[in-house]
Amino acid sequence: MTHVTINYTPTADDLVLIARAEAALPYAYAPYSGFHVASALLLANGVIVTGTNQENAAYPAGMCAERVALFAVAAQYPGEQIRKMVVVARKVGTEQLAPATSCGSCRQVMLEFEHRQSQSIEVIMLERPGGWLHAPSAAALLPFSFNKSNLSER
């Protein structure tokens with residue numbers, strides 16, 4: 001099992017992804033929670049894909065930023081491997097990033113993408129003010145996960 005690093009110092013490449021995610025925050029649609037979340041994914045071809053949370057008055061019809069970005073990659077860049085993912089958030093009316101770690105559904109989808117591409121996805125999130133979290137794989141964020149081996153004997 002790979003371990004998650006807390007108090008991680010982002011690399012120069014990480015900071016580029018963090019900046020791209022932060023630049024996407026205004027495009028979040030969060031009129032109910034006032035909590036804007038954005039994700040930036042680095043693909044193997046160097047392309048960066050972003051996603052933002054999209055709320056809906058009929059909960060749970062909205063979608064988290066992580067899944068918006070992951071599903072956009074599947075639709076727009078089929079077969080392209082995802083190398084790294086950053087998640088950032090900001091409360092409406094504030095300037096500082098707010099801690100936001102991915103929900104269980106997003107972690108499950110991240111893990112499915114790892115299985116699909118047979119390669120780990122690095123994940124970086126702000127878990128407390130000034131404290132970045134780094135996981136070398138989505139699997140590290142979801143121990144005892146449910147996967148295709150649970151469904152068949154193959």
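The values are calculated or read from the model by the stated rules, or taken from the named source; none is laboratory data. Everything quoted here is computed from the prediction, not taken from an experiment. Counting neighbours? That spans all protein chains shown, and the Cβs are built from the backbone with ideal geometry, glycine included.
Worth a mention:
- Applying the criterion of being within 20 Å of residue 79 (Cβ to Cβ) and not small (Gly, Ala, Ser) to the residues of the range 13-49, the residue that is nearest to the chain's Cα centre (by Cα) is 41.
- Residue under evaluation residue 49, criteria (1) of a type in the set (Val, Ile, Thr); (2) in contact (Cβ under 8 Å) with a residue 40 or more places away in the chain; (3) in contact with a strand residue (DSSP E or B) (Cβ under 9 Å, 6 or more places away or on another chain), criterion not met: (2)
- Condition met for residue 26 (at pLDDT 95 or above and in a loop (DSSP other than H, G, I, E, B)): no
- Boolean, residue 92 is out of contact with any Phe, Trp or Tyr (no Cβ under 7 Å at 6 or more places or on another chain) and crowded, with 19+ Cβ neighbours inside 10 Å: no
Every residue, every condition in (1) in contact with a Leu (Cβ under 6 Å, 6 or more places away or on another chain); (2) acidic (Asp, Glu); (3) crowded, with 19+ Cβ neighbours inside 10 Å; (4) part of a helix (DSSP H, G or I), yes or no:
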| residue | (1), (2), (3), (4) |
| --- | --- |
| 105 | no, no, no, yes |
| 108 | no, no, no, yes |
| 111 | yes, no, yes, yes |
| 115 | no, no, no, yes |
| 119 | no, no, no, no |
| 126 | yes, no, yes, no |
| 133 | no, no, yes, no |
| 143 | no, no, no, no |
| 146 | no, no, no, no |
